[in-house]
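The values are calculated or read from the model by the stated rules, or taken from the named source; none is laboratory data. Note that the structure is a prediction, hence the values are computed from the model and not measured. We place every Cβ from the backbone using ideal geometry, glycine too, and count neighbours over all the protein chains shown.
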Amino acid sequence: MFIRRRRGWELPESAATPQHWVLNRRALMGAGAALLPSAALAQRRGEMPPGPPLPPHERNPRYVAGRELSPEADVTSYNNFYEFGTSKSIWRAARRMPVRPWTLRVDGMVANPREFDIDDLIRLMPIEERVYRLRCVEAWAMTVPWTGFELSALMRLVEPQAGARYVTFTTATIPGVMPGLRQSWYPWPHVEGCTIEEAANELTFMPIGLFGQPLPQQNGGPVRVVFPWKYGFKSGKSLVRISFTDTRPDTFWPVIQGQEYGFWANVNPEVAHPRWSQATERLLGSGERVPTQLFNGYGEFVAGLYTNLQDERLWA
Ligand code: MTE
């Protein structure tokens, strides 16, 4: 008898058409037949839905971006996600990544290591919307409404041990849908990291949504991390593991090119990248150039994290 062993990334037959996809299609049918072709086309292209509707939640007024929101169409079609390729146009490829079922493991130096089904985790966490600026090291920037939860809320659940000093964030590796993984010179999986103090900072946020919708795969769905005061490459996408450790992790970009990219990567207009200035940034959508701000304008929340770290390369 031929027994087919299913690889980890393959969905069982029963999950091939997740219920929320069917529900979404029903909703679309209700909304009018004119909408049907695009949903049908997306399904034919092998695109997977980014997840069920978000739970009800409100915008937190404490975080004011001071800029207009970037156009959603640009935010969801101009992306860095090297697992899907090195161009900015990977959104369609990324949409083929199945994001249900999805497990996030939280482990290492914690009192309560846990494996969360993503929907259980969403039910457990205090969900809110925050408008943050994101500054890519390549000198483009966007302003977006993320839906998600503070990493500190998850930390309270798993209780890091006293000796835990760093947190690592590991992105999924799914060879069947991620052509970029064939570029074997990159140190897959994509691992990012921060100190435990940075992880506990109120700004460190775990988005599960964007513009009020489930977080699209190209933007890191079903769950990613963002540090709005650091260059965007620190914000690991499509996470499967968060681990607490006493050792500083080797993270993706410093391993590839340590001269140009460091562990801390805090935004600083005065410290140029070796190949370009960081003094200004280009806004996604309008293309307008505006001055870059120290800590991407979030100094009041985070400057205190770095007062005793003058010997570190805090900005590159
Ligand atoms: N995470 C993974 N796993 N792989 C990546 O290539 N690119 C990073 C970051 N997270 C990247 C990643 C970079 S360089 C940036 S600027 C942001 O994602 C871009 O996020 P966005 O596509 O949602 O704008």
#### Entry: strands (runs of 3 or more DSSP E) fully within segment 82-158 counting 2 or more residues that are of a type outside the set (Val, Ile, Thr) and buried (at least 20 other Cβ atoms within 10 Å of the Cβ)
128-135, 140-150
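A quick yes/no check of all residues on (1) of a type in the set (A, V, I, L, M, F, W, C); (2) modelled with pLDDT of 50 or more; (3) part of a loop (DSSP other than H, G, I, E, B); (4) surrounded by 12 or more Cβ atoms within 10 Å (Cβ to Cβ):
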| residue | (1), (2), (3), (4) |
| --- | --- |
| Met1 | yes, no, yes, no |
| Leu11 | yes, no, yes, yes |
| Ala27 | yes, no, no, yes |
| Gly30 | no, no, no, no |
| Leu36 | yes, yes, no, yes |
| Ala39 | yes, yes, no, yes |
| Ser70 | no, yes, yes, yes |
#### Entry: Test for Pro187: is it outside any strand (DSSP E or B) and either within 21 Å of Tyr63 (Cβ to Cβ) or within 13 Å of the ligand (Cβ to nearest atom) (or both)
yes
### Message
Checking Lys237 against (1) crowded, with 17+ Cβ neighbours inside 10 Å; (2) over 14 Å from Arg135 (Cα atoms); (3) at pLDDT 95 or above; (4) out of contact with any helix residue (DSSP H, G or I) (no Cβ under 8 Å at 6 or more places or on another chain): exactly one of these is not met. Which one?
### Response
(4)
### Checklist (1) at pLDDT 95 or above; (2) surrounded by 12 or more Cβ atoms within 10 Å (Cβ to Cβ); (3) more than 25 Å from Asp119 (Cβ to Cβ) applied to Arg62, failing item
(2)
### Summary
Within segment 240-262, of all residues that are of a type in the set (Ser, Thr, Tyr) and away from the ligand (no atom under 13 Å from the Cβ), the one surrounded by the most Cβ atoms within 10 Å (Cβ to Cβ) is Ser243
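How many of the residues in segment 217-234 are within 8 Å of the ligand (Cβ to nearest atom) and buried (at least 21 other Cβ atoms within 10 Å of the Cβ)?
Of segment 217-234, the ones within 8 Å of the ligand (Cβ to nearest atom) are 218-220, 224, 231-234.
Restricting the remaining residues to those that are buried (at least 21 other Cβ atoms within 10 Å of the Cβ) gives 218-220, 224, 231, 234.
Result for segment 217-234: 6.
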### Query
Condition test on Gly180, is it under 30 Å from Ala65 (Cα atoms), within 16 Å of the ligand (Cβ to nearest atom) and either among the small types (Gly, Ala, Ser) or surrounded by fewer than 19 Cβ atoms within 10 Å (Cβ to Cβ) (or both)?
no
### Message
Residues to consider are Glu202, Glu192; find the one that is of a type in the set (D, E, K, R), in contact (Cβ under 8 Å) with a residue 40 or more places away in the chain and crowded, with 19+ Cβ neighbours inside 10 Å.
### Response
Glu192
